1. Residue check: is Phe294 among the hydrophobic types (A, V, I, L, M, F, W, C), outside any strand (DSSP E or B) and either assigned by TED's automatic domain parsing to the domain that holds Val28 or buried (at least 18 other Cβ atoms within 10 Å of the Cβ) (or both)?
2. Would you say Gly415 is over 27 Å from Cys183 (Cβ atoms), touching a Cys at 6+ places or on another chain (Cβ under 6 Å) and not hydroxyl-bearing (Ser, Thr, Tyr)?
3. Mind checking which pairs have a first residue in region 169-184 that is at negative phi and in contact (Cβ under 8 Å) with a residue 24 or more places away in the chain and a second that is aromatic (Phe, Trp, Tyr) and surrounded by 20 or more Cβ atoms within 10 Å (Cβ to Cβ), Cβ under 9 Å, 6 or more apart or different chains?
4. Can you find even one residue in region 242-250 that is crowded, with 24+ Cβ neighbours inside 10 Å and among the aliphatic types (A, V, I, L, M)?
5. Please verify whether Gly52 is at pLDDT 95 or above and over 16 Å from the mean Cα position of the chain (by Cα), treating the condition exactly as stated.
6. From Phe86, Phe120, which residue is under 30 Å from Gln7 (Cα atoms) and assigned to a helix (DSSP H, G or I)?
7. Just one of (1) surrounded by fewer than 22 Cβ atoms within 10 Å (Cβ to Cβ); (2) under 19 Å from Arg58 (Cα atoms); (3) touching a residue at least 60 places away in the same chain (Cβ under 8 Å) trips up Ala405, so point out which.
8. Would you be able to say whether some residue in region 413-431 is in contact with a Phe, Trp or Tyr (Cβ under 9 Å, 6 or more places away or on another chain) and closer than 16 Å to Ala76 by Cβ?
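The values are calculated or read from the model by the stated rules, or taken from the named source; none is laboratory data. Just so we're clear, the structure is a prediction, and the values are computed from it rather than from any experiment. Ideal geometry is used to build each Cβ from the backbone, glycine not excepted, and the neighbour counts take in all protein chains shown.
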Amino acid sequence: MRAPLQQIETSGELPQTADAVVIGGGIVGVFAAYYLARRGLKVALVEKGRIGAEQSSRNWGWCRQQNRDARELPMATRSLDLWERFAAETSEDTGFRRCGLLYLSNDEAELAGWARWCDFARTAGVTTHMLDGTEASERGQATGRTWKGGVFSPTDGTADPSRAAPAVAHAILKLGGSVHQNCAARGIETEGGRLSGVVTENGTIRTKLAVLAGGAWASSFCHQFGFRFPQASIRSSILSVSPGTEGLPDALHTARISATRRGDGGYTLAISGRGRVDVTQQQLRFSSQFLPMFMKRWRSLAPGGLQGVRSGHETLQRWRLDRPTPMERMRILDPAPDQATIRLTHARALELLPALRQTRISAAWAGYIDSTPDGVPAIGEIDTVPGFFLAAGFSGHGFGIGPGAGHLVADLVTGSEPIVDATSYNPRRFDASAWGKVADF
């Protein structure tokens, strides 16, 4: 079964012109379009499949500052405020709430790392609490275990992946923007060296501004006009269980298992960082740039299969703008979950949280988490095509920082003061090596 997702009805006929076009209807794309529309721009959002149907509905739903890399922390902090402000501005329900996140551990090295991060976070004004053994065991009493320590981040929270992106798309429509599902962007047109249009399967939209928020498809799209964007995807498998338990933390992380309460009262269960590498031509092309990332995280990864090749999202193929593209043959990336991981995840969850034995598995799914060589997203204008902006490579962090990323994109597109310093997100930074720069968390 696919990850749960709210279905929405969107716009019909494609506009001939727009002030800005956003390519991709994941959480970053919809928030970018929303903030552009709020500034009075005529915005068209095009999505090859359904709004939020790929990684934006397949993640845990965590919206956190805790353990963020220093380059992402300012955006994470602003995003929490923007999640709340969005609900107040629109009356749309993304399921966001500041429930707090609980981290528990019996590993001294892990606890020491968390303590170092907490010391850093306090200098950035982030509220977070290191827990001693007694405090951790009390907050983690649902596990029936004693813990050496932990962290509680009271101002962090979760949103509902099944309805967040659709809720933002509704808000775009109410602002007068247009949202087009089952409408793949095939490429771009230029005039005098600048962007002049976005070519879709349903026609061309004349525009001088566009944003590529294409998730795992972004690098292959950039390849069409000669921009080198190193990107690789990991297949992550997750499951959810039915409602029927009380007394569990809303959001819990341990090294062996993580659990998040869903909007329906059930729980999403996952093993942090675990994934399969489905080797593709694109991964081989950028393999040397991803070596630092692999060296840091190889223990969590295992060889995959040919799903990535069959999906087509990391193709090196050049496609024609007047013919169907791989995106039209694969409207929604819906890879098969790794059944061994699903079984292990469920077994670990039942062992750690006995109350979950009252539940049943309601769904299991997988998704492709797209990453950059340093684990930090690329956000900025592509210098070889003025007017064309990239927002991709969120490395598993995009859902939580989606509002801040979308706001930053709108700032850059309109020439406004950026909500955060955008220097660390410059797409051209990949011209240099990622050694010593891979995100810590």
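1. Numbers: among the hydrophobic types (A, V, I, L, M, F, W, C): yes; outside any strand (DSSP E or B): yes; either assigned by TED's automatic domain parsing to the domain that holds Val28 or buried (at least 18 other Cβ atoms within 10 Å of the Cβ) (or both): no.
No.
2. Numbers: over 27 Å from Cys183 (Cβ atoms): yes; touching a Cys at 6+ places or on another chain (Cβ under 6 Å): no; not hydroxyl-bearing (Ser, Thr, Tyr): yes.
Considered against the rule, which asks whether it is over 27 Å from Cys183 (Cβ atoms), touching a Cys at 6+ places or on another chain (Cβ under 6 Å) and not hydroxyl-bearing (Ser, Thr, Tyr), Gly415 comes out as no.
3. Ala169/Tyr34; Ala171/Tyr34; Ala171/Phe86; Ile172/Tyr34; Leu175/Tyr34; Gly177/Tyr34
4. The answer is no; no qualifying residue exists.
5. Numbers: at pLDDT 95 or above: yes; over 16 Å from the mean Cα position of the chain (by Cα): no.
No: the conditions fail for Gly52.
6. Unique residue meeting the criteria: Phe86.
7. Here Ala405 meets the rest and fails (1).
8. The answer is no; no qualifying residue exists.
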